[in-house]
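Quick notes on the structure that follows.
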Amino acid sequence: MATVSSTNTSSAASSTSAGYATYTSGFNATELAQIGYEGRLAKADSLSTKVTANQTKISAYQNLQSLLQSVQSPLKALRNSVKATGSASDAFLSRSIALASSDSTAANSYLGATVAYGTTLGSHDIVVNQVAKVERLGSISEVASASSALSLSGTFTLGTASAEDGSGATSAVISISSSMTLADIAGAINVSQSATGVIASVVQTSDSKYMLVLTGATTDRTLSLTPGGGPDVLQSLGITSDGSGTKADVLQSAQPAKLTIDGVTVTRSTNTITDAIKGVTLSLYKPSVATAYSTTTSGGSTTTSASVTSTTLSLDVTNDTSTVENDINAFVSAYNSLRDFVLTNQSLSTSGTTASDSAVLFGDSILRSVTSSVQSILSSEVNGLSLGKLGISFDVNNYLQIKTATLENALDNSFDSVQALFSYQATSSSGNLQLLSHNDTLTSATLNFDLTVDGSGKLSGVSCNGDSSLFTVDGGSIKGAVGSIYEGMAFVFVGNTNQSITVNLSSGIAERLYSTISEFADSTSGQIANAVSSLTSQDNDLSSRITAIQSDAEAYRQFLLTKYSNIAAKLATAQTTLALLAALSKTSN
């Protein structure tokens with residue numbers, strides 16, 4: 001009985017040791033701690049998904065904002081920008097010049113012309129009688145070499161003065177030494193060009209002959225030559241013919257430009273004329289008047305007669321319709337790019353029941369609102385005129401399309417109506433009252449102003465449509481009252497008597513679109529900027545929470561790692577003890 005009992009005990013101990021070893025060998029503290037760590041991180045992963053979704057939406061919003069601003073860009077030139085009439089970016093105030101000649105010679109061979117923004121439209125007849133010229137003097141003495149010393153020494157005074165009346169004289173003293181060559185003398189003169197207004201050059205007239213030529217730097221200025229003390233260098237050079245400074249050889253006389261503009265004779269000292277026609281710069285190239293001489297002989301007597309032919313040049317200041325057309329085309333192109341974005345974000349998946357993956361802003365209130373607002377404005381009329389009458393219409397997908405011939409015909413024949421359709425218009429019944437700035441509130445209005453002045457003729461009171469509380473007087477300015485629908489508007493009054501003046505206001509499509517888009521796409525205060533700011537704030541908060549969860553999870557992992565490592569150590573110790581007991585049991589058996 002005892003032997004049987006010992007055998008069973010040994011067998012049981014061996015079995016327990018093997019089973020325990022099998023259990024402890026599968027215990028991994030690091031893996032168990034990682035499982036707990038990942039469980040704690042699961043919430044952070046959920047928050048990270050929200051951050052990613054927000055970032056995707058922010059990117060879509062920013063894309064929408066950029067597309068809207070691209071639509072705004074050409075509208076600046078079509079809207080009468082910066083809320084003030086006569087703005088320098090107004091495409092409808094761009095001008096072009098058309099030149100024509102009364103003969104077969106091209107007009108631009110006689111003169112060139114440029115026109116400033118906003119120049120008054122009109123036609124002008126021009127005859128170029130003569131172009132301005134510089135004076136040019138040649139030397140009657142020639143030398144065999146331009147690089148050999150001339151053995152001339154002395155001084156002379158060289159300068160220029162107005163060819164018309166001798167005014168504006170300038171001069172300088174030129175010193176010559178005996179070692180100077182003809183080229184050196186020309187160089188000495190040119191060093192003082194800024195003071196004298198004279199340019200010197202050496203001209204080779206033949207294989208072995210050289211002469212000095214003096215030329216005025218400015219048209220309509222005569223050259224003045226005065227000998228100095230000692231030998232007369234100018235006479236020795238052949239520039240003067242005597243000791244009193246008489247010019248030896250006048251190659252070309254100085255003269256002013258003379259032309260007739262609309263029957264008025266105009267004289268200028270230069271061929272570039274900026275002040276004869278306001279806003280137009282003329283560049284004269286050659287006279288459009290020619291004189292032909294003929295000689296007849298009769299009875300031994302010869303008679304010479306002159307025949308003058310005059311070519312009249314027509315200059316037309318016209319609207320630059322190409323600039324307006326280019327801005328309209330740019331607007332349509334930018335709008336259609338925006339439309340691409342809208343359709344992408346309204347698209348459905350292949351099932352037709354959910355939004356497609358690319359439709360990040362599907363059902364978004366901002367996208368829906370701006371799309372509706374833009375479509376509504378584009379479909380509206382201003383004074384009975386619509387985009388459709390310009391050849392601009394929607395296709396089946398609400399893209400804009402242009403019939404170029406229709407648009408160009410409208411620009412050529414109904415320019416003012418096209419301008420009224422697009423831009424902000426303010427028409428005053430008196431030139432004494434003009435709009436300085438406007439607000440975005442009024443799309444159209446008729447303002448009947450009753451203006452009163454005091455005994456000195458200064459503006460003292462204003463009422464609008466019978467109400468004196470709508471506008472205030474500030475010197476010569478009339479400003480919309482704060483809190484009224486006219487706030488932000490300003491007019492200037494230049495009269496000095498009591499007057500009743502009517503102002504008609506209308507806001508065109510470009511002006512209304514620009515203002516509406518600003519409400520959504522303004523980089524600082526627009527709805528999109530606010531939405532992006534809100535999402536960014538959410539992401540910052542979520543990122544802070546994710547960081548906190550990650551920190552907590554890491555601390556929890558370290559706690560579990562320590563805990564399970566201690567358990568593993570105890571299990572290892574227990575296993576060692578069990579193995580020892582098993583060995584002792586075998587020994588005793």
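Each peptide among 173-186, 566-579 gets the average number of other Cβ atoms lying within 10 Å of its residues, and from highest to lowest they stand as 173-186, 566-579.
Which net charge results for the neighbourhood of Gly197, defined as the other residues with beta-carbon distances under 14 angstrom from its beta-carbon, given Lys and Arg at +1 and Asp and Glu at -1? Let's see the in-between values first.
On the way: positive: Arg136, Arg221; negative: Glu135, Asp220.
Counting the neighbours of Gly197, the net charge comes to 0.
For a straight C-alpha distance cut-off of 18 angstrom, the aspartates and glutamates reachable from Lys458 (same-chain residues fewer than eight places away being disregarded) are Asp450, Asp474.
At a 10 angstrom cut-off on C-beta neighbours, averaged per residue, how do the peptides 521-530, 505-514 rank from highest to lowest?
Details: 521-530: 15.7, 505-514: 23.5.
Sorting 521-530, 505-514 by mean packing, highest first, produces 505-514, 521-530.
Rounded if a/c is under 1.5, else prolate if a/b is larger than b/c, else oblate: which is segment 485-527, with a ≥ b ≥ c the root eigenvalues of its Cα gyration tensor? Walk me through the numbers before you get to the answer.
On the way: a/c = 4.35, a/b = 2.56, b/c = 1.70.
It is prolate, given that a/c is not under 1.5 and a/b is the larger ratio.
Heavy-atom accessible area for Phe559, with the other protein chains in place and a 1.4 Å probe, reaches approximately 120 Å².
Which of the pairs Lys57/Lys479; Lys76/Lys403; Lys43/Lys570 have their Cα atoms more than 31 Å apart in this structure?
Those over the limit are Lys57/Lys479; Lys43/Lys570.
Remark on Thr270: its backbone amide H falls under 5 Å from those of Ala257, a criterion applied only to residues 5 or more positions apart or on other chains, H modelled at 1.01 Å from N. Of the complete DSSP H runs in the chain, those spanning 15 angstrom or more by Cα along the long axis with a mean Kyte-Doolittle score not below 0.0 are 321-344, 365-378, 509-521, 527-588.
For Val453, project a label point 7 Å along Cα to C-beta. Then give me every residue of segment 479-518 with its amide nitrogen under 16 Å of that point. Only 492-501 fall inside the zone, counting backbone N under 16 Å.
The charge dipole of the chain, taken about its Cα centre with unit charges on the Cβ atoms of Lys, Arg (+1), Asp and Glu (-1) only, comes to about 1940 debye.
Heavy-atom accessible area with a 1.4 Å probe sorts Glu142, Glu31, largest first, into Glu31, Glu142. Less than 5 angstrom separates the built amide H of Ala355 from those of Ser349, all sequence-distant by 5 or more or on a different chain. Accessible surface computed residue by residue for the chain, with neighbouring protein chains in place and a 1.4 Å probe, gives 50 Å² per residue. Share of carbon and sulfur in the accessible area of segment 300-347 stands at 44%, probe radius 1.4 Å.
The candidates Arg339, Arg268, arranged from most to least accessible area with a 1.4 Å probe in the full protein assembly, appear as Arg268, Arg339. When the charge dipole of the chain is built from unit charges on Cβ atoms (+1 for Lys and Arg, -1 for Asp and Glu) and taken about the Cα centre, the candidate among Leu390, Val173, Val342 whose Cα reaches farthest toward its positive end is Val342. Taking Kirkwood radius over Cα pairs in Å as calculated from this structure, the corresponding entry among (i) 25.3; (ii) 34.8; (iii) 31.1 is (ii).
Per-residue ellipticity at 222 nm, computed for the chain from helices alone with -39500 (n - 2.57) per DSSP H run of at least four residues, works out to -13000 deg cm²/dmol. Under 25 Å of direct C-alpha separation, and excluding same-chain neighbours fewer than eight residues apart, Lys50 reaches no lysines at all.
Pairs spanning more than 29 Å between alpha-carbon atoms, out of Lys258/Lys278; Lys247/Lys278; Lys209/Lys247; Lys278/Lys389: Lys247/Lys278; Lys278/Lys389.
The values are calculated or read from the model by the stated rules, or taken from the named source; none is laboratory data. Predicted, not measured: the structure shown is a model, and the values here were computed from it. Positions of Cβ are generated from backbone atoms using ideal geometry, with glycine treated the same way; all protein chains shown enter the neighbour counts. These area figures cover heavy atoms from the full protein model, side chains too; ligands, DNA and RNA do not enter into them. Shrake-Rupley method; radii C 1.70, N 1.55, O 1.52, S 1.80 Å.
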